[in-house]
Structure formats: structure tokens, C-alpha cells
Amino acid sequence: MNTFFADVVRNEIIAYDTNHITFSANLDLQFSAGQFFNLKLQNPDKTSKIQFILRGYSVASSPQKLPIFELCVKIVKYFEKNEHTGENIGEEKKGIGSGFLEKLKKGDRVEFLGPFGHFTKKNKAKKTVMLATGTGIAPMRAICEELSEEGFVTKTVLLYGVSNAKFACYSSFFQNLANLHKNFEYVLFISRETDEEIRKVEELKIVENIVSGRITKGVEDLSVEECVNTDFLICGNPAMVKQVRGILRQEKNVEKSDIVTEQY
């Protein structure tokens, strides 16, 4: 297990409650696009016998950028609940990992472990359909950046689902890739905006392909023929991952070995 330190280069807000943090590692580090690092933190609970806690974050940049690497961090917010009434108690709190990362400034040093995970593209000679929700877009960005460096040799389609446009991360990045590479297509699905609100998003001309509805619509619209000889990478909330995997296996005849998933 590789333990290493990295220094903060930049910490910026890129979407609602979402930060993009750039680090510079202080050693010869290696990872595969799609893998994650564990953030190592001192346990704030002084009564616990567990001295350190770990929180995993997928790398959102290509390995070719090393010693620079980037993380996409959703700032987790919550309230403690009354066990009898379910009502919120006290002030809003933030997740231990994301709350710590949100406050980082340039020059701060952080300890990580890794890399970990098997969420990677297996066969670069095959077509790829990628589906992500929320910050499940992080490993997709790393994989797409790497494929872009190689010129997108095969057809790659990225379907990204959010409830509201304010949660969408990296849309300009992906649209620029689509403009540069004929083999790459980016589609943004927005599930909880009105048609009028979506028209306003379209008028910004950041993303060319915007669909009103859930990301599962993009999978359902694929023909069985379009799913042949194709890798499917799915990353996001567990319900979406389960539903999409079910559609692919039961309705599109996709082999289990052609589906790689990661739950957030």
C-alpha cells in the first residue's frame, strides 16, 4: 500500500457544493485512469480507538499529468436527526472528508493512500459508452482525458445525468473534447428542470446535446446492435447503477464482462 503526501496547487468551486482540487504529489506516483486515492485524516473523535479515518476520492485527471493530479469533491452536508421524530437537530454539519478538503488552501499538505480500484477501461479497441451521475463524473473525466491524449481511436459516448444544471461538472471540458474529436460524443441529461429552464441552459451554448429526463432514457434508446462489442462504464448513485445494469443485461443482451460499475 503506497502512502504519499501531496501539496494543494488550487482549490476552486466548479458546481453547486462541488470543488475541483489540484494537487502536486511529492514522489514518483502511478495510477490508472478511473482509480481512486484514499484521503487519510486524524479521527476527530478523540474517544475512539481508531486513530485515522479514510475517505476515497476518484482521480479526475489523466495519469499523464503526474505529478499533478486532480480530485472532484462533493461537499457533503447533513443534520443530526431526532431518533423519534426524524426532525433535524442542531446546526448543519459537513462530511469529515469533504469538509476538510473544502477548506484547503494553496500550499497545504495532505496525506493519501493508493491507488485503489478496478474502474478502468478494459479494452481500448472496443467502443465505449460511459454513464455517470453526480460526482461519478470524476473517473470519467480521467478516462476521457486519457482517451483524448490517444486521439479517441474508437467511438466513445458519455451520458451524464444531473437533477439540476447547477450540479453539472466539467460540461465545458467535455464539450470541447466533443468539438475536437469526431469519435467522442457528450450528452447531458437534466431530470428536474422544466422545459423553459432547460431552454435557458441551452441558450448558454455550453453543451450542444441536452436531454430533459433521466439518464436511463439514454440507455433505453440504444439499440441492441449499438451495444455489440461495447464496453459500458457506469458510475454514480447505487439505484442508477443497478437500474442501468439491469437494462443492459436484460434488454440489450450485454455480457456481464462488458459492464464495469462503481457506486457513489
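Laboratory data are not the source of any read-out in this text; all were calculated from the coordinates shown. Not measured: the values here are computed from a predicted model. A quick note on method: Cβ atoms are made from the backbone with ideal geometry, for glycine too, and the neighbour counts reach across all protein chains shown.
Listed cross-link partners Lys127/Lys252; Lys93/Lys242; Lys124/Lys242; Lys122/Lys256 are compared with a 19 Å cut-off, the Cα-Cα value being larger for Lys93/Lys242; Lys124/Lys242. How high is the relative contact order of the chain? Use alpha-carbon pairs under 8 Å, at least six apart in sequence, and give a whole percent. Relative contact order comes out at 18 percent.
Applying the Kirkwood pairwise sum to the alpha-carbon positions of region 148-188 produces a hydrodynamic radius of 10.8 angstrom. Rounded to two decimals, the Cα radius of gyration of region 3-116 over 2.2 N^0.38 Å is 1.18. Pairs from the table (Lys74/Lys106; Lys106/Lys182; Lys65/Lys200) lying more than 29 angstrom apart at Cα are Lys106/Lys182; Lys65/Lys200.
This model, with +1 at the C-beta of Lys and Arg and -1 at the C-beta of Asp and Glu, gives the chain a dipole about its Cα centre of some 560 debye. Net length available on complete extension from Thr194 to Ser24 is 57.1 nm, with 0.36 nm assigned per residue and the Cα-Cα distance removed. Diffusion of region 27-78 by Stokes-Einstein, at 10 °C in a medium of 1.306 mPa s and with Rh set to the Kirkwood radius over alpha-carbon pairs, works out to 122 µm²/s. Each peptide in 92-100, 48-56 gets a packing score, the mean of other Cβ atoms within 10 Å over its residues, and the list from highest to lowest is 92-100, 48-56. With the cut-off at 29 Å, report for region 88-242 the share of all Cα pairs above it, as a whole percent. Cα-Cα pairs in region 88-242 separated by more than 29 Å: 26 percent.
Calculated mean residue ellipticity, 222 nm, the chain: -6000 deg cm²/dmol, from DSSP H runs (n ≥ 4) at -39500 (n - 2.57) each, averaged per residue and rounded to 500. Coordinate range of the alpha-carbon atoms in the chain per principal axis, descending: 57, 51, 37 Å.
Only Cα pairs under 8 Å and at least 6 apart count here; give the relative contact order of region 145-264 as a rounded whole percent. The normalised contact order for region 145-264 reaches 21 percent. DSSP beta bridges fully contained in the chain are about 55 percent antiparallel.
Label point of Leu180 set 7 angstrom out along Cα-Cβ; within region 133-169, amide nitrogens under 17 Å from it belong to 140-158. Modelled this way, with points 7 Å down the Cα-to-C-beta line, the labels at Thr120 and Asn2 are 1.1 nm from one another.
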